[in-house]
Amino acid sequence: MIEREIFKRRIILFDRLESFGFVRANGDYLYERKIYDGMIARVRIAPLGEVSGDVYDEDLGEVYVNHRVESATGAFVVGVRNAYTALLEEIAEAVSVEKRYVGDQTNRIDAYMLDRYGVSPEFMWKKFPHFGVYRNASTSKWFAIIMNIGKEKIVKGESGEVEVMNLKLDGLASDYLGNGVYPSYHMNHKSWVTVLLDSSVGDDKVEEMIEISYKNSFNKSKRK
């Protein structure tokens, strides 16, 4: 969905909605604007911050959907798509702030590492702007990296984007495999594991593995 793509890394600031022009209706916030020749956009924000919307043909009084069809390339449909996207981006800029990661658990774990170890992520690669590396402040060695990857890279037959964390468990790596913990993606399988951050693994268990990885980052041997 267009809405999900624009708002997936943003937190809605509800106190800004009414000043932008949203109105309350049955617990939701609604906004309406004419965006293109005879087309009206209606955007809805639910109490938990989910954003949805529709485009209506003003003359026919019907929902228009062609702007959501990626293969549709006519001048009119492209115009509607661009106008609707521009409106959503304007709303996002005005009534929300960017969050570091998409998932609730991912953001909790990120906050935990700041509180526990005093470290924030480094975003080192333009090609992978949401890959966050966490270093031991004393040794500069990595002890964790959070990535957004295709689920098929760690689970056969699965698809869709997920957030994961790689942790260095060394000799304990095999002991933690299963139930959301996998042989590491893109790193040494003997030393590192990949943890799925969709609450498949409880926060306590993730924090336990982070502690092991953090202690291993004091080791003077080379990172593998």
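The values are calculated or read from the model by the stated rules, or taken from the named source; none is laboratory data. Keep in mind the model is a prediction, meaning the values are calculated, not measured. All Cβ positions, glycine included, derive from the backbone under ideal geometry; neighbour counts span all protein chains shown.
With respect to E70, determine if the residue is exposed (fewer than 15 other Cβ atoms within 10 Å of the Cβ) and within 26 Å of G21 (Cβ to Cβ). Spell out the reasoning first.
Working: exposed (fewer than 15 other Cβ atoms within 10 Å of the Cβ): yes; within 26 Å of G21 (Cβ to Cβ): no.
It is false that E70 is exposed (fewer than 15 other Cβ atoms within 10 Å of the Cβ) and within 26 Å of G21 (Cβ to Cβ).
The set of residues in the range 1-48 that are among the charged types (D, E, K, R) and closer than 20 Å to Y101 by Cα comprises E3, R4, E5, K8, R9, R10. Would you check which residues across the range 129-155 are part of a strand (DSSP E or B) and β-branched (V, I, T) and list them? The answer is V133, I145, I146, I149.
Scanning the range 94-124 for residues that are within 30 Å of Y29 (Cβ to Cβ), of a type in the set (D, E) and surrounded by 12 or more Cβ atoms within 10 Å (Cβ to Cβ) yields D104, D110.
Counting the residues of the range 34-51 that are exposed (fewer than 15 other Cβ atoms within 10 Å of the Cβ) and either touching a residue at least 40 places away in the same chain (Cβ under 8 Å) or of a type outside the set (K, R) (or both) gives 7. Taking Y84, is it in a helix (DSSP H, G or I) and either farther than 15 Å from S96 by Cβ or touching a His at 6+ places or on another chain (Cβ under 9 Å) (or both)? Against the criterion (in a helix (DSSP H, G or I) and either farther than 15 Å from S96 by Cβ or touching a His at 6+ places or on another chain (Cβ under 9 Å) (or both)), Y84 qualifies.
If I filter the range 189-205 down to residues being hydrophobic (A, V, I, L, M, F, W, C) and outside any strand (DSSP E or B), which single residue comes out as surrounded by the fewest Cβ atoms within 10 Å (Cβ to Cβ)? Steps first, please.
Initial filter on the range 189-205 (hydrophobic (A, V, I, L, M, F, W, C)): 192-193, 195-197, 201.
Add one more test, that the residue is outside any strand (DSSP E or B), and what stays is 197, 201.
Values: L197: 27, V201: 20.
Only one residue tops the list, namely V201.
Would you be able to say whether some residue in the range 126-147 is of a type in the set (S, T, N, Q), surrounded by 13 or more Cβ atoms within 10 Å (Cβ to Cβ), modelled with pLDDT of 95 or more and over 24 Å from D170 (Cβ atoms)? For the range 126-147, residues of a type in the set (S, T, N, Q), surrounded by 13 or more Cβ atoms within 10 Å (Cβ to Cβ), modelled with pLDDT of 95 or more and over 24 Å from D170 (Cβ atoms): absent. Each residue in the range 156-188 was checked for being in a strand (DSSP E or B), within 19 Å of the chain's Cα centre (by Cα), within 23 Å of F218 (Cα to Cα) and of a type outside the set (A, V, I, L, M), and 1 pass.
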